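Asks: My questions all concern the structure below.
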Amino acid sequence: MRFSTLLALAASVAAVSASPSPAPGSALVARSGDGFTEIAKRSGCGSSGPLGTGHFVWFIDVSCTPGAQKTCQATDATGCLPGNPDKIGSMEVDDPNDTFQIAKKSNTNTVTFICPSGGQVRCQANFNDNDDGPGYSLRVF
């Protein structure tokens, strides 16, 4: 009886250990502009958020198919509807290391882009106030 209990426990631990956790930089984690604050929450419709307070800049790093046309969007806190553009200074798409800009648009909640050859981008919202984040989530589709 004890042997079968131990065997079942070992099998449970192995199954949990084999479950992958979100990779750093995945769309499951929104980060503040300084990179020190992470929000590992999932809103609806494939969005990350709601975002936190105390930062003007929030971003997500995501994978995409090179050459595909994609959209970087700041949604409302639910993650499904476009967010209020009045509180957003700009939306931008950069490479994940933030060394070159792929697309940028001011006073909007959405910017379209072509996925670069590296297949990775940073979708970033630059807010007008450092406490606007909780009303928004981020997504790439």
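Derivation of every value follows stated rules applied to the coordinates shown; laboratory data play no part. Every value quoted in this text rests on a predicted model; they were computed, and no experiment measured them. With ideal geometry, Cβ positions are generated from the backbone for all residues, glycine too; neighbour counts draw on all protein chains shown.
Asks: Which net charge results for the neighbourhood of Val29, defined as the other residues with beta-carbon distances under 14 angstrom from its beta-carbon, given Lys and Arg at +1 and Asp and Glu at -1?
Replies: Working: positive: Arg31, Lys41, Arg42, Arg122, Arg139; negative: Glu38, Asp61.
So the environment of Val29 carries a net charge of +3.
Asks: Within a Cβ distance under 9 Å of Ser90, other residues only, what is the Lys/Arg minus Asp/Glu net charge? Can you show the working numbers first?
Replies: On the way: positive: Lys104, Lys105; negative: Glu92.
Around Ser90, the surrounding residues sum to +1.
Asks: Taking 4 °C and 1.567 mPa s as the conditions, I'd like the Stokes-Einstein D for the stretch 68-114 in µm²/s, using the Kirkwood hydrodynamic radius from alpha carbon pairs.
Replies: D = 116 µm²/s.
Asks: Right, next: Expressed in nm to one decimal, what extension gain is obtained for the pair Thr53 and Ala40 from 0.36 nm per residue of sequence separation less their Cα-Cα distance? Present the calculation step by step, with values, prior to reporting the outcome.
Replies: Details: separation 13, 0.36 × 13 = 4.68 nm, distance 1.42 nm.
Extra length from Thr53 to Ala40 when fully extended: 3.3 nm.
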